[in-house]
Structures are given as structure tokens and as C-alpha cells.
1. Could you work out the pair-distance distribution P(r) of segment 89-144 from its alpha-carbon pairs, with 5 angstrom bin width and percents rounded to whole numbers?
2. Would you please state the base-10 log of I(q)/I(0) at q = 0.09, 0.11, 0.16, 0.23 1/Å for segment 116-221, with intensities from the Debye formula using one equal scatterer on every alpha carbon?
3. Give me the number: length gained by fully extending ILE115 to ILE131, i.e. 0.36 nm times residue separation minus the C-alpha to C-alpha distance, one decimal in nm.
4. Determine ³J(HN,Hα), in whole Hz, for all residues of segment 192-197 in sequence, where each value follows from phi through the Karplus function 6.51 cos²θ - 1.76 cosθ + 1.60 and θ = phi - 60°; x replaces Gly and Pro.
5. Once phi is turned into ³J(HN,Hα) by the Karplus curve 6.51 cos²θ - 1.76 cosθ + 1.60 with θ = phi - 60°, what whole-Hz value does each residue of segment 69-81 show in order, with x for glycine and proline?
6. Output the relative contact order of segment 168-253, whole-number percent, from Cα pairs under 8 angstrom with separation of 6+ residues.
7. From the mean inverse distance of alpha carbon pairs (Kirkwood) and the Cα radius of gyration, derive Rg over Rh for the chain.
8. Roughly how many whole Å is it from the C-alpha centroid of segment 110-150 to that of segment 1-72?
Amino acid sequence: AMSVWERPFVGFGNFVTAFTDRLFAQTMMNTIFISILGIGLGTAGAILFALMLNEIRMQKFKKFTQTVSYLPHFVSWVIIASIAKMFLNDGGALETMLGGARLHLMSSNSPMFWIVVCLINVWKEVGWDAIIYLSAMAGIDQGIYEAAKVDGANRFQQIWHITLPGVKPTAIVLLIMSIGSALNVGMERQMLLSNGIVQDHAMVLSWFAYVRGIGSNNYGLGTAIGMFQSVVGIVLLFIANKIAGMFGEDKLV
């Protein structure tokens, strides 16, 4: 067997192989759009849910609701995917409740699959993600709310002018961090929720690296795809951080 030093240096060969692969363009598109949808829906859902919880005055009901909402975070994607398929598949519980209407949510070889996956992810993670926003809301000076009440502000105006600006720095920082990991879409949920029909819109970079790297026993190619994800992630992180700084928002450093 040849030593490491006697082997030919492949250079950027593995990167060229990855970028020219017939699956790469569609996989890249899937990854980007699932990330954008996931970050947008996840952030909006978590803030909205935190606002709703924050407005609940019955403490026991508030704690019960919060506990129930973040339990799915600890449940395996295997179980979540099984529940989702039973509920959303053709002929599943949702279609039965709608009188047998055909929705094709889990069998539509189109961007519809991206939306379905992201909504399932929101349902799973919204309670957990809302915790940090609730903490930020708890840190807002209550005297500001009292002053607003004296000035005649209603509940909605207090939320819009006090609560949302109060959680804005937290949201910006979390958004920057999310953008940095935009290409690292989880392979597990994609594999479990997909099927042969929606495969084209389910494949993401991490799954692509697994199939072409470990699946084909080509570890160099798998490593190249993984390195590409990491480099793009770092670049996106710096860009997002710089843009936040340019607009005078709170940034990481």
C-alpha cells in the first residue's frame, strides 16, 4: 500500500465533482429555500407564541401551556415523522376530517414539501424557541408598561411599542446565528419525512454528503461537501453580522 505522501494530490477535484453532480443544483436550492422558510417561520412563530404566553395572566394555565408546547422538542424525529405522515399522508387523518379531499401535502413533488416540512418543524420547536423570547420579555422594565397605561396605551399598543422593541436585540442576535447555520439543514427530518415521490425537493446538502460520501464510500467527496457547508456558513455569519451593524442593530461582536 502507498503511503500518504506517495498518493497523488487531488486538489480541488472533489469540489469540482460535487459542484458538477447532477443532484447538486436542486439540492442547493432545496437547502437554501428550506433554510429561509425555516428561519422566517420559526422566528415569527416563536415571537408570536411568546407574546401570546406573555399576555396570559393566569399563571397556572400559562405554565401548563408552556410545558405542553415545548415537550415535542424532546421527542425523536422518528416519532414526529410517524405522526406527521399518519396525519398528512394521502388518505390520512387531515383529509378524512376534510371529507376525503385530496391535498397531496406529502406526495407533491413541488415546493409544497418545503412548506410542509418547515411547518412541522415549527410545531416541534416553537415552544422551546419561545423560552428565550419570554426571558427577554421578563427583563423589560415594568415601569415602562405602567407609564404607557397612564398615557392611555391599550394592550396591543403596549406590545407594539414596548414588548417587540424590547425583544428586538435578542431576535437580531438569534437571527444572525441562524443565518450562519443556514446550509446545515438537518438530514434526519428530511429522510424521515420524504418518500420516493418528493425526493427531488427533500434532498439537502447534509443528506447529499451522506449519500455521495459514506453511501458511495468516497469520504473525500463527503468531506468536500461538508467543508463547503462550513465555509459558506462562516461567510454568511460575517455578512449577516456586518449588515446588522450597518443598520445600527445589535450584533454578535
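1. 4, 16, 14, 15, 13, 9, 8, 8, 6, 5, 2
2. The calculated log intensity ratios at q = 0.09, 0.11, 0.16, 0.23 Å⁻¹ are -0.43, -0.57, -0.85, -1.22.
3. Residue separation times 0.36 nm, minus the Cα-Cα distance, leaves 3.4 nm.
4. Here the 3J(HN,Hα) series is 6, 8, 7, 8, x, 6 Hz.
5. 5, 9, 4, x, 4, 8, 8, 4, 5, 4, 6, 4, 5
6. For segment 168-253, the relative contact order is 41 percent.
7. 1.06
8. First find each Cα centre; the distance between them is then 18 Å.
The values are calculated or read from the model by the stated rules, or taken from the named source; none is laboratory data. Small disclaimer: the values here were computed from a predicted structure and weren't measured. Glycine also receives a Cβ, built like all others from the backbone with ideal geometry; neighbour counts cover every protein chain displayed. Only protein heavy atoms, including side chains, enter the accessible area calculation; ligands, DNA and RNA are left aside. Shrake-Rupley method; radii C 1.70, N 1.55, O 1.52, S 1.80 Å.
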